[in-house]
Amino acid sequence: MQTNQESQSSLERRIDMSVPAAAIEQEVATRLKRMARTVKMPGFRPGKVPLKIVEQTHGAQARSEAIGAAVEKAFVEQVREQNLRVAGYPRIEPKQGEGEGAVEVLAFTAVFEVYPEVALGDLSSQAIERPLLEVGEAEVDKTLDVLRKQRTTYEAADKAAEDGDRVVIDFTGRKDGEVFEGGQAQDFPFVLGAGSMLKDFEDAVRGLKSGESKTFDMTFPEDYHAAQLAGKQVQFEVALKKVEAPRLPEVDADLARALGVADGDVAKLREEVKANLVREVKRRIQAKVKEQVMEALLAVNPIEVPKALVEAEAQQLADNAKRDLEARGLKGKDIPVNAGWFMDQAVRRVKLGLIMAELVKAKELHAKPEQIRTLVEDMAQSYEDPAELVRWYYAQPERLAQAEAVVIEDNVVAWAVAEAKTADKAVSFDELMGNAA
């Protein structure tokens, strides 16, 4: 058996392999004899089928398997000898035989990619901003306001409609004098200022009182989802039938009980809200720092990635997206998810995976058992029965592996923060929580 390695690019490799035809024929004969012991054919007892007939019916299969086994063995030996880290699966291409006669030698080429060498870059010049926010009573009040708004009720009001009010209307929309599809409704409710209707439509309704009507022209946005209306001018007739003002619940025992505090103690409610806020603030700060660390790692570790790994990752992302859509009620045949949509994301994920794997190995950032335990217990604190969630994680290695991956990521982030130019920056509650205008 002969081999010869050629390199076509920085990651692609080609190994030429030749296998003596006589060795293949010997293996084919061995396989056929083994088949003859168990093969079944009409008119023959098991194990008594003539070898010639077995060869006629199963010869092609035996030859294909023999060639495949020989090529695989040659490939594995070469990979091991040359200490190559193969990414993905090789593509085997037949080629013209070499030697005194083409029939004496079967020649093949294995085309494959290898993992890149990751030379870790210097993070000391990379800037990372670490958000700082201390949770106080003001943040608890804002969160309680959000919880109250989620439980808003409405009551009839004799006044002009304003933002925050729920209105009930009849409307008819016409384009070129004709009612267009979707342009008519009765007893249609919506909350002014919530953004569920187009701004120009809301502006026209705002200020009307119950029993009042209005006719107005409006132009749909150029990017409106209904193509037949995009950029078109229409006329609406609106009759306002009801104005309902919002009513928020008070921060009292009833609200406390509704939010899970059995005895209705408002002080306990505030304590629970604050504890949850502290965990959420910590999580968001970690997420923002992590994103900066990942960008810094990509910046100082430019690497080429194997196409095979990127394609596999893109397909995995596409499969995940499809499962998510199916979970939302869509049927598989109605979900045109293409792996090509995820290529950029896949490249980024593969790069980060390779860089982080090298970092973990080089800097000994592996997850320690006590770190995993701490993480699981911390995640469990937001559940009604924390101990039950801890048991659930430790019941199966696959679940615990997820927590281990998070710890490793946290270790990498902590190491990078120490290496980079990290500066603390105070942020507002709204900015961190994504509520800033």
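Which members of region 30-54 meet the condition of being more than 54 Å from the chain's Cα centre (by Cα), under 27 Å from residue 70 (Cα atoms) and charged (D, E, K, R)? The answer is 52, and nothing else. Just one of the numbered conditions (1) surrounded by 14 or more Cβ atoms within 10 Å (Cβ to Cβ); (2) assigned to a loop (DSSP other than H, G, I, E, B); (3) modelled with pLDDT of 80 or more is not true of residue 39: (3).
For region 294-307, the set of residues classified as touching a residue at least 40 places away in the same chain (Cβ under 8 Å), surrounded by fewer than 18 Cβ atoms within 10 Å (Cβ to Cβ) and either in contact with a strand residue (DSSP E or B) (Cβ under 9 Å, 6 or more places away or on another chain) or more than 29 Å from residue 112 (Cβ to Cβ) (or both) consists of 299, 307, listed by residue number.
Looking at this structure, is residue 342 at pLDDT 90 or above, of a type in the set (Phe, Trp, Tyr), closer than 30 Å to residue 143 by Cα and in contact with a helix residue (DSSP H, G or I) (Cβ under 7 Å, 6 or more places away or on another chain)?
Values: at pLDDT 90 or above: yes; of a type in the set (Phe, Trp, Tyr): yes; closer than 30 Å to residue 143 by Cα: no; in contact with a helix residue (DSSP H, G or I) (Cβ under 7 Å, 6 or more places away or on another chain): yes.
Taking the combined requirement at face value, the residue does not satisfy it.
Of all the criteria given as (1) in contact (Cβ under 8 Å) with a residue 12 or more places away in the chain; (2) in the same structural domain as residue 194 (by TED's automatic domain parsing); (3) more than 22 Å from residue 189 (Cα to Cα), the one not satisfied by residue 252 is (2). Restricting attention to region 196-235, the residues that are aliphatic (A, V, I, L, M), closer than 20 Å to residue 177 by Cα and in contact (Cβ under 8 Å) with a residue 12 or more places away in the chain add up to 5. Candidates in region 164-195 are the residues that are free of Cβ contacts under 8 Å to residues at least 60 places away in the same chain and under 20 Å from residue 247 (Cβ atoms); of these, the one that is surrounded by the most Cβ atoms within 10 Å (Cβ to Cβ) is 192. Within region 260-271, the residues that satisfy the criterion of being under 10 Å from residue 144 (Cβ atoms) and surrounded by 16 or more Cβ atoms within 10 Å (Cβ to Cβ) are 269, 270.
How do the strands (runs of 3 or more DSSP E) wholly within region 119-213 filter down when requiring 1 or more residues that are in contact with a His (Cβ under 8 Å, 6 or more places away or on another chain), at pLDDT below 95 and under 30 Å from residue 298 (Cα atoms): which remain? Before the answer, list the steps.
Values: elements: 127-132, 153-156, 166-175, 178-191.
Filter on region 119-213 gives an empty set.
Scanning region 222-259 for residues that are of a type outside the set (Asp, Glu), closer than 22 Å to residue 150 by Cα and out of contact with any strand residue (DSSP E or B) (no Cβ under 9 Å at 6 or more places or on another chain) turns up 251, 253, 255, 256, 257, 258, 259.
Going through 18, 64, 7 one at a time, which residue ends up being modelled with pLDDT under 80, within 46 Å of the chain's Cα centre (by Cα) and not β-branched (Val, Ile, Thr)? Reasoning before the result, please.
Working: 18 fails: modelled with pLDDT under 80; 64 fails: modelled with pLDDT under 80.
Result: 7 is the single residue among 18, 64, 7 that is modelled with pLDDT under 80, within 46 Å of the chain's Cα centre (by Cα) and not β-branched (Val, Ile, Thr).
Of 331, 274, 322, 288, all but one fail to be exposed (fewer than 13 other Cβ atoms within 10 Å of the Cβ) and either more than 22 Å from the chain's Cα centre (by Cα) or not β-branched (Val, Ile, Thr) (or both); the exception is 331.
The values are calculated or read from the model by the stated rules, or taken from the named source; none is laboratory data. This one's a predicted model, so the numbers in the text were calculated from it and none came from an experiment. Neighbour counts run over all protein chains shown; Cβ positions are idealised from the backbone, glycine included.
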